[in-house]
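In what follows, a structure is listed as structure tokens, so that the remarks can point back to it.
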Amino acid sequence: MSSTSSPFPIIVAEGDAPNRGVAHGQQARDQIAASLAFYSDAVAPSIGATFGQIVDGVLRRLPMWRAQDADIVAEIEGIAEGSGFTVGEILALNTRGMFVVPPIDQQDQRVPDDGCTSFAVLPEASSDGHLRTGQNWDYLEGIADTIVLLHLRPERGPRQLVIVEAGQVGRHGVNTSGIALHANGLGSRLRDPSAPPSTFLRRRILRSDNITAAIEAAIMPPRAGSTNFMLSHRDGFAIDLETVPSTIRWLMPEDGWLFHTNHFEAGVPPELAATYTPSADSLLRYGRGRRRLALARADGGISRADLVDVLTDHLGDGRGVCSHPDPDAPRHERWMTVATVITDLTEGVMSVAAGLPCQHDFVDIDVSSGTVAAPARAAMA
């Protein structure tokens, strides 16, 4: 584990898939234990299940998922070995999107408030010619102490710096081939239970050594759920992909930048058209963020400070892009911004803040080495 000045523990995992997994499990054992306790004690009961029932369900799919991606499954088995937990428990952490938001046939279950706000700014729209991309990661407060940074050093392919809940194989991040991934839920409960979990798909994107392969990894079926993927490449390319299990729509940068929250912008899929309603929270964040970035673009280009300004935005009533938890909500519904990332693909540096970005400093992590690259910078620096 690297310097304690990192906002999250940095887990170095190298070699083949089993060895990477064992290293991950050994170094993140405490965080994995905390994550399993939270999902077991707070989340599973909220959907009328035990965590054991969830584990049994995902284990039945394991042979199918192994056939689809044996390398990722081998890494999950290594995480289990290194941490001392079962393969089923680690696999359940990688499939949590399937039970945190109930499937479409469980209409009586409450859909949690969604979260996450992503952006990409191409060099022509940037104040200094750099390509920056990133997001606020909004999720349940109960996982805040389980987050780690994985620095993956495979035998072949690019190194990857990925921010995850401990025990997961993928979420969002960047690799040394200059590819970055950021992702948002899309407020849809469409599911393909035969498809690999979203963490598998995200890892496939991030292990790609060229942007064409990364896009292909995002759009090729099967896909388990409904996710917005924002992909960027350091040579000046970005694309936004709105995916559901059966269809894909896409957005290209307008005026050199992209911005996305948690509703469909490229078009509502026909499977949802008759009943789809976007969340008010997503529409609010989308409107606030787009307006601020448009004003910055017109006033000399979008700077890093402008991006921090968007990501720390609050309306007068306390709502906005920076999401503060409701202390009166039950643990399984208490959403907040748990981490914020601004990645400078031109420099190969991921700038990370833990928790609410309005209250915490950003720390630069070098993508190639996985080490702290610069002292902490205040949010508005």
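The values are calculated or read from the model by the stated rules, or taken from the named source; none is laboratory data. Since the model is a prediction, treat every value here as computed from it, not as a measurement. Note: ideal-geometry Cβ built from the backbone for every residue, glycine included; neighbour counts use all protein chains shown.
For the list (1) crowded, with 17+ Cβ neighbours inside 10 Å; (2) over 20 Å from the mean Cα position of the chain (by Cα); (3) among the acidic types (Asp, Glu), I need the number of the one condition that Asp281 fails.
(2)
For every residue, the table says whether it meets (1) touching a helix residue (DSSP H, G or I) at 6+ places or on another chain (Cβ under 9 Å); (2) more than 12 Å from Asn175 (Cα to Cα); (3) not β-branched (Val, Ile, Thr); (4) not in a loop (DSSP other than H, G, I, E, B).
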| site | (1), (2), (3), (4) |
| --- | --- |
| Asp192 | no, yes, yes, no |
| Leu201 | yes, yes, yes, yes |
| Arg204 | yes, no, yes, yes |
| Ser208 | yes, no, yes, no |
| Ile215 | yes, yes, no, yes |
| Pro222 | yes, yes, yes, no |
| Gly225 | yes, yes, yes, no |
| Phe229 | yes, yes, yes, yes |
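For region 23-59, name all the residues that are of a type in the set (A, V, I, L, M) and farther than 15 Å from Val148 by Cα.
Ala37, Ala42, Val43, Ala44, Ile47, Ala49, Ile54, Val55, Val58, Leu59
For region 1-59, name all the residues that are under 19 Å from Gly170 (Cβ atoms) and either assigned to a loop (DSSP other than H, G, I, E, B) or without any contact (Cβ under 8 Å) to a residue 12 or more places away in the chain (or both).
Phe8, Pro9, Asp16, Ala28
Is at least one residue of region 332-347 without any contact (Cβ under 8 Å) to a residue 60 or more places away in the chain and either among the small types (Gly, Ala, Ser) or surrounded by fewer than 21 Cβ atoms within 10 Å (Cβ to Cβ) (or both)?
No, every residue in region 332-347 fails to be without any contact (Cβ under 8 Å) to a residue 60 or more places away in the chain and either among the small types (Gly, Ala, Ser) or surrounded by fewer than 21 Cβ atoms within 10 Å (Cβ to Cβ) (or both).
Give me the residue from region 297-322 that is touching a residue at least 60 places away in the same chain (Cβ under 8 Å) and more than 21 Å from the chain's Cα centre (by Cα) and, out of that set, surrounded by the most Cβ atoms within 10 Å (Cβ to Cβ).
The qualifying residue surrounded by the most Cβ atoms within 10 Å (Cβ to Cβ) is Ile302.
With the condition being at pLDDT 95 or above and either touching a Ser or Thr at 6+ places or on another chain (Cβ under 6 Å) or on the phi < 0 side of the Ramachandran plot (or both), I'd like the strands (runs of 3 or more DSSP E) fully within region 277-381 carrying at least 3 qualifying residues.
In region 277-381, 335-344, 349-354, 362-366 are the strands (runs of 3 or more DSSP E) which contain 3 or more residues that are at pLDDT 95 or above and either touching a Ser or Thr at 6+ places or on another chain (Cβ under 6 Å) or on the phi < 0 side of the Ramachandran plot (or both).
In region 59-94, what residues are crowded, with 22+ Cβ neighbours inside 10 Å and over 28 Å from Arg156 (Cβ atoms)?
Glu89, Ala92
Go through (1) in a strand (DSSP E or B); (2) closer than 30 Å to Pro193 by Cα one by one and return the number of the condition Leu258 breaks.
Single failed check for Leu258: (2).
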